[in-house]
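Below: the structure, in structure tokens.
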Amino acid sequence: MLSKSQIKLITRLKQKKYRVAEGFFVAEGIKVINELLNSTLKLHHLFTTETFNINKNETLITQAELKKISFLTTPNKALAVFKIPEAVKVDTKGLIVALDDVRDPGNLGTIIRLCDWYGIANLVCSIGTVDCYNPKVIQATMGSITRVNISYLNLSDFLKQNNKTLILGAFMDGENVYKTKLPNSGILVMGNEANGISKTIEEQVTKRIAIPRFGTIQATESLNVATATAILLSEFKRNA
């Protein structure tokens with residue numbers, strides 16, 4: 001049975017300030033939770049309508065109780081509270097993806113999955129990028145968050161510290177990515193959904209690349225940032 005204090009803790013974790021204060025985040029659904037349980041993340045408590053047989057830190061609850069604490073429109077059998085891990089230093093070897101104020105949780109979750117799929121070990125996020133422990137981001141990653149090192153830092157300072165590394169930025173007027181020789185290492189910067197890469201970060205980009213439009217009318221303003229990231233990472237790996 002759920003206690004009032006447990007309900008209060010879980011509902012508070014929907015907000016970033018409480019996730020930071022408490023050091024916990026929420027994951028929902030059997031598949032996502034199983035992925036996280038099989039990682040190095042530390043489980044705080046599991047609330048489920050079907051036992052996971054983990055023998056500790058597990059509470060069986062009713063569907064009605066799950067609905068009280070779930071952040072989903074349709075609760076998915078289980079909700080778990082995990083401890084937020086300590087930050088790990090960015091390994092600057094290989095290709096790094098950097099996000100300049102990406103705000104949509106679904107986009108960030110998809111980009112984390114893409115990094116996992118394409119073997120990108122490090123994802124660097126500006127301070128203004130949506131929190132990777134946002135429940136919607138966790139849901140969208142489908143467990144990939146356990147296999148990508150995600151860092152939040154001053155992106156401009158990070159690029160200055162790594163100015164000897166090739167810094168590539170995605171722009172509408174960049175060099176055609178399909179005709180560009182892409183490196184095996186460097187930093188690929190992806191911009192905000194509405195405004196693209198900010199002026200401050202743009203000044204630090206050493207190579208501008210673009211995904212060309214092939215439509216006859218060419219009226220589409222831009223691609224979704226997660227879609228663009230998928231295309232660019234595919235090209236990086238194809239050229240490797």
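The values are calculated or read from the model by the stated rules, or taken from the named source; none is laboratory data. Everything quoted here is computed from the prediction, not taken from an experiment. When we count neighbours, we look across all protein chains shown, and the Cβ atoms used for this are built from the backbone with ideal geometry, even at glycine. For the accessible areas, the whole protein counts, side chains as well, though only heavy atoms, and no ligand, DNA or RNA atoms are used. Shrake-Rupley method; radii C 1.70, N 1.55, O 1.52, S 1.80 Å.
Please build a GNM for the chain, connecting alpha carbons under 10 Å apart, and tell me which residue among 170, 80, 228 fluctuates the most. Greatest mean-square fluctuation among the candidates belongs to 228.
With a Förster radius of 22 Å applied to the C-beta separation of residue 5 and residue 50, the computed FRET efficiency comes to 0.40. Of 123, 32, 57, which is farthest on the positive side of the dipole of the stretch 1-138, counting Cα position, with +1 on Lys and Arg Cβ, -1 on Asp and Glu Cβ, and the Cα centre as origin? Positive-most Cα among the choices belongs to 57.
Go ahead and set up a Gaussian network model of the chain, Cα springs under 10 Å, then flag whichever of 206, 73, 59 fluctuates most. In this elastic network of the chain, the residue with the biggest mean-square fluctuation among 206, 73, 59 is 73. The chymotrypsin sites (Phe, Trp or Tyr not before Pro) of the stretch 148-240 that meet both conditions, a loop assignment by DSSP and at most 11 other Cβ atoms within 10 Å of the site Cβ, are 214. Prolate is the label for the stretch 1-97, because the ratio a/c of its alpha-carbon gyration tensor axes (a ≥ b ≥ c) is 1.5 or higher and a/b is greater than b/c.
Do any trypsin sites (Lys or Arg not before Pro) in the stretch 122-224 lie in a loop, going by DSSP, with at most 12 other beta-carbon atoms within 10 Å of their beta carbon, and if so which? Don't skip to the answer; put the middle values down first.
Values: sites: 136, 147, 160, 164, 179, 181, 199, 207, 208, 213; in loops: 164, 181, 213.
Within the stretch 122-224, the qualifying trypsin sites (Lys or Arg not before Pro) (loop, at most 12 other Cβ atoms within 10 Å) are 164, 181.
Compute the Cα gyration tensor for the stretch 155-228, then decide on rounded, prolate or oblate, letting a ≥ b ≥ c be the square roots of its eigenvalues: rounded whenever a/c is under 1.5, prolate when a/b is larger than b/c in the other cases, and oblate in all that remain. Oblate. Listed values for the stretch 89-103 are Karplus-derived 3J(HN,Hα) couplings in whole Hz (6.51 cos²θ - 1.76 cosθ + 1.60, θ = phi - 60°), namely 4, 6, 8, 7, 6, x, 8, 10, 9, 10, 10, 9, 6, 6, 9, and x replaces Gly and Pro.
Annotation: amide H of residue 59 within the under-5 Å range of 46, 47, 48, sequence separation 5 or more or interchain, hydrogens built in the peptide plane. Shape summary: the chain maps onto an equivalent ellipsoid whose semi-axes, from the alpha-carbon gyration tensor, are 37, 18, 16 Å in decreasing order. Here the accessible area of the chain is 51 percent carbon and sulfur, with a 1.4 angstrom probe and all protein chains present. With a Förster radius of 41 Å applied to the beta-carbon distance between residue 86 and residue 213, the computed FRET efficiency rounds to 0.40. Take the chain and mark each of the GluC sites (Glu not before Pro) that is in a DSSP loop with at most 11 other Cβ atoms within 10 Å; the longest unmarked stretch, sites excluded, is 87-202. Pick from 229, 141, 92 the residue whose mean-square fluctuation is largest in a GNM of the chain, springs joining Cα atoms under 10 Å. The residue with the greatest mean-square fluctuation here is 92.
Distances between placed amide hydrogens fall under 5 Å for residue 186 paired with 94, 95, 96, all partners being 5 or more residues away or on another chain. Computed from the C-beta positions of residue 58 and residue 173, the FRET efficiency with R₀ = 45 Å rounds to 0.25. Too long at a 29 Å Cα-Cα cut-off: which of 160/181; 14/93; 136/207? Violating the 29 Å limit, Cα to Cα: 14/93; 136/207. Classify the stretch 100-240 as rounded, prolate or oblate from the Cα gyration tensor: take a ≥ b ≥ c as the square roots of its eigenvalues, call it rounded if a/c is under 1.5, otherwise prolate when a/b beats b/c and oblate if not. Since a/c stays below 1.5, the shape of the stretch 100-240 is classed as rounded.
Using a probe of 1.4 Å on the protein chains alone, the accessible area found for residue 211 is around 40 Å². Annotation: per residue accessible area for the chain equals 53 Å², rounded to a whole number [probe 1.4 Å, protein chains only]. Here the sum of -39500 (n - 2.57) over DSSP H runs of 4 or more residues, divided by the residues of the chain, equals -9000 deg cm²/dmol at 222 nm, to the nearest 500. What angle do you read, to the nearest 10 degrees and between 0 and 90, between the alpha-carbon axis of helix 225-239 and the longest principal axis of the chain? Its long axis makes an angle of about 60 degrees.
Grab the Cα-Cα distance for residue 16 and residue 153, subtract it from 0.36 nm times how many residues apart they are, and report the gain in nm with one decimal.
Values: separation 137, 0.36 × 137 = 49.32 nm, distance 1.61 nm.
Extra length available between residue 16 and residue 153 comes to 47.7 nm.
About the centre of its Cα atoms, the stretch 89-160 shows a dipole size close to 160 debye [charges on the beta carbon of Lys, Arg (+1) and Asp, Glu (-1) only; nearest 20 debye].
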